[in-house]
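In what follows, a single structure is set out as structure tokens and then discussed.
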Amino acid sequence: MQSFDLVLFGGTGDLAMRKLLPALFRRFLAGQIAPGSRILGTARGDLSREAYIAQVEQSVAKYCEGQFDAAQWSAFAQLLHYGSADAQAPDSFGAIAAFLAGREAITRLFFLSTAPALFAGLCAQIGRLGLVTPETRVVLEKPLGQDLASANTINECVGSVFAEHQIYRIDHYLGKEAVQNLIALRFGNTLFEPLWRRGSIRHVQITVAETLGVATRGPFYDQTGALRDMVQNHLLQLLCIIAMEPPASSDADAMRDEKLKVLRALRPLAGSDVTTKTVRGQYRAGAANGQPVPGYHEEAGVPADSSTETYVALKAEIDTWRWAGVPFYLRTGKRLQEQSSEIVITFEDVPHSIFGGGSAASPNRLRICLQPTDSITLSILAKKPGDGLKLQPVDLSLDLAASFKTQQLDAYERLLMDVVKGNLTLFMRRDELDAAWRWIDPIREGWLQQDVRPKGYTAGSWGPAAASALIGRDGFAWNGEL
Ligand code: NAP
């Protein structure tokens with residue numbers, strides 16, 4: 001365990017209060033924060049240290065309900081400090097420089113939890129004041145750009161101050177327990193590898209469904225849309241974990257090299273593909289949790305004629321020997337029927353069934369659920385009790401909570417500790433990010449050129465009918481249901 005100084009830019013913001021500081025408190029309770037560590041929250045507001053601690057306490061008490069303990073809290077509060085700084089005012093970084101002075105030997109972390117438009121200014125000030133030591137790391141929150149060109153601008157600015165091995169680009173989906181388990185399942189067992197390919201796998205589906213609308217993020221979301229907010233990062237990273245070749249080791253670059261090869265092997269979706277292999281949707285008024293909810297156009301900060309998509313479904317293909325001919329169906333959206341994230345891998349049918357037509361014909365399916373619970377289930381056919389040889393799907397389920405009986409780590413807890421330890425495995429390298437944008441940009445350009453507008457869907461449904469048609473044309477249905 002090594003002690004660290006963490007400078008948390010955006011230290012009063014939603015992400016810091018709801019996720020980052022509660023995650024640090026939970027790691028503190030687990031004895032993972034080394035003595036001598038310090039956390040400096042920073043934002044433009046002129047707050048006293050006491051006022052900041054009181055604000056963080058409210059949040060930690062709320063988001064660590066059931067774990068909050070007054071004695072432990074007062075010990076954690078000793079680590080907290082506050083200093084104001086404005087990313088756009090070069091002379092305002094005195095408090096940060098003073099906080100770090102004389103601590104050059106300690107691991108130093110800068111977490112940029114602000115709008116990405118401020119990243120360049122923040123990095124410029126960090127560089128100008130000479131705050132980057134060999135043991136300094138910088139953590140960047142998504143979204144990293146709006147397209148390849150803007151991502152390049154951010155990466156160039158950050159890269160002029162920090163070396164690539166010091167840059168931690170967060171995709172919190174990679175920190176989820178179920179994603180870690182998928183890596184363990186694939187590369188810790190011999191069972192699946194011979195089957196993990198064309199010939200044995202018929203298709204793969206990745207769903208990230210949200211019941212929430214855009215809430216207070218209307219103006220941000222309207223400039224972004226589901227393709228850039230979710231597909232470019234979370235869904236493509238999940239696709240990479242499923243499709244990558246076994247790396248030579250768990251070393252960060254060994255893993256990231258393999259993910260990069262997948263991104264580069266994605267067949268471009270251009271020209272008429274954007275009408276036949278992608279679907280854009282936008283929610284209309286409907287219901288969520290039994291309550292009426294407004295349509296996207298009625299949300300605060302969203303123009304009444306907005307053509308931003310709140311839903312995307314697409315068919316991706318990977319041009320490699322392993323995956324040729326195996327479609328990967330991706331879908332994500334807001335205001336859908338359920339809050340759920342899952343990967344479903346559907347295997348081929350048996351080449352010849354000896355059980356006759358009366359038995360349920362159901363292929364094996366591996367279902368990796370990331371949300372709302374972490375679980376892995378393999379659906380196999382078993383004999384139904386009673387007369388005759390009738391088959392029925394039964395689940396072999398990995399109950400990880402029961403097997404290990406330890407508290408699972410939240411994604412940010414794992415990722416923050418990885419930054420402290422200097423483990424880059426679960427963070428995106430610049431070339432991965434570039435490759436993802438190179439695949440995404442032509443889809444958006446195609447939508448614009450061919451005037452592909454979002455299709456309406458009712459809030460509380462599973463998205464536009466065109467998404468069912470997209471997968472139905474290949475003879476499949478979403479959720480692995482035939
Ligand atoms: P937020 O609630 O709007 O907070 C922004 C923070 O930045 C505040 O602390 C704000 O404090 C500070 N700030 C604004 N302008 C500044 C400036 N000129 N100089 C220094 N600090 C400044 O945003 P958020 O939701 O926490 O999101 C932060 C980042 O994480 C964004 O990039 C977002 O896309 C990303 N993200 C957020 C979530 C989430 O769940 N919230 C999830 C994934 C990614 P002052 O106004 O007092 O300066």
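The values are calculated or read from the model by the stated rules, or taken from the named source; none is laboratory data. Treat the numbers as computed from the prediction; the structure is a model and nothing was measured. Using ideal geometry, Cβ is built from the backbone for each residue, glycine included, and neighbour counts are taken over all protein chains shown. Keep in mind that these areas ignore ligands, DNA and RNA; they rest on the heavy atoms of the full protein, side chains included. Shrake-Rupley method; radii C 1.70, N 1.55, O 1.52, S 1.80 Å.
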Among strands (runs of 3 or more DSSP E) entirely inside segment 289-391, those with 2 or more residues being out of contact with any Pro (no Cβ under 7 Å at 6 or more places or on another chain) and loosely packed, with under 14 Cβ neighbours inside 10 Å are 291-293, 375-383
Out of the residues in segment 48-59 meeting the condition of being among the hydrophobic types (A, V, I, L, M, F, W, C) and over 19 Å from Asp5 (Cβ atoms), tell me which one is nearest to the chain's Cα centre (by Cα). Ala54
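Residues are listed down the side, and each one gets a yes or a no for (1) at pLDDT 95 or above; (2) open to solvent by 10 Å² or more (accessible area, probe 1.4 Å); (3) more than 30 Å from Ile167 (Cα to Cα); (4) not in a helix (DSSP H, G or I):
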| position | (1), (2), (3), (4) |
| --- | --- |
| Leu238 | yes, no, no, no |
| Ile241 | yes, no, no, no |
| Glu245 | yes, yes, no, yes |
| Ser249 | no, yes, no, yes |
| Ala254 | yes, yes, no, no |
| Arg264 | yes, yes, no, no |
| Gly271 | no, yes, yes, yes |
| Gln282 | yes, yes, yes, yes |
Output the residues belonging to segment 119-152 that are open to solvent by 30 Å² or more (accessible area, probe 1.4 Å) and either in contact with a Ser or Thr (Cβ under 9 Å, 6 or more places away or on another chain) or within 20 Å of Asp434 (Cα to Cα) (or both). Ala120, Ala124, Gly127, Glu135, Lys142, Gln146, Asp147, Leu148, Ala149, Ser150, Asn152
Matching residues in segment 437-452 (β-branched (Val, Ile, Thr) and open to solvent by less than 20 Å² (accessible area, probe 1.4 Å)) number 2
Taking segment 216-233 as the region of interest, how many residues are closer than 30 Å to Ile376 by Cβ and open to solvent by 20 Å² or more (accessible area, probe 1.4 Å)? 1
Can you work out which of the residues in segment 39-57 that are surrounded by fewer than 18 Cβ atoms within 10 Å (Cβ to Cβ) and away from the ligand (no atom under 15 Å from the Cβ) is nearest to Ala101 (Cα to Cα)? Arg49
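For (1) within 30 Å of Leu6 (Cα to Cα); (2) open to solvent by 10 Å² or more (accessible area, probe 1.4 Å); (3) within 19 Å of the chain's Cα centre (by Cα), each residue gets a yes or a no:
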{"site": "Asp418", "(1), (2), (3)": "yes, yes, yes"}
{"site": "Asp431", "(1), (2), (3)": "yes, yes, yes"}
{"site": "Pro454", "(1), (2), (3)": "no, yes, no"}
{"site": "Gly463", "(1), (2), (3)": "no, yes, no"}
{"site": "Ile471", "(1), (2), (3)": "no, no, no"}
I'd like the full set of residues that are away from the ligand (no atom under 12 Å from the Cβ) and in contact (Cβ under 8 Å) with a residue 40 or more places away in the chain, limited to segment 1-21. Gln2, Ser3, Phe4, Asp5, Leu6
Kindly list the number of the only condition in (1) small (Gly, Ala, Ser); (2) assigned to a loop (DSSP other than H, G, I, E, B); (3) at pLDDT 95 or above that fails for Ala466. (2)
Those residues that are in a helix (DSSP H, G or I) and under 19 Å from Leu433 (Cα atoms), I need them from segment 216-236; list them, please. Gly225, Ala226, Leu227, Arg228, Asp229, Met230, Val231, Gln232, Asn233, His234, Leu235, Leu236
Which of the residues spanning segment 131-167 are closer than 20 Å to Gly225 by Cβ and either within 13 Å of the ligand (Cβ to nearest atom) or outside any helix (DSSP H, G or I) (or both)? Glu141, Lys142, Pro143, Leu144, Gly145, Gln146, Asp147, Ile154
With the structure loaded, tell me whether Gly213 is surrounded by fewer than 18 Cβ atoms within 10 Å (Cβ to Cβ) and in contact (Cβ under 8 Å) with a residue 24 or more places away in the chain or whether it fails that test. no
Please go through segment 22-38 and pick out each residue that is within 14 Å of the ligand (Cβ to nearest atom) and either part of a loop (DSSP other than H, G, I, E, B) or at positive phi (or both). none
Val204 passes all but one of (1) over 17 Å from the mean Cα position of the chain (by Cα); (2) within 21 Å of Phe347 (Cα to Cα); (3) open to solvent by 10 Å² or more (accessible area, probe 1.4 Å); which number fails? (3)
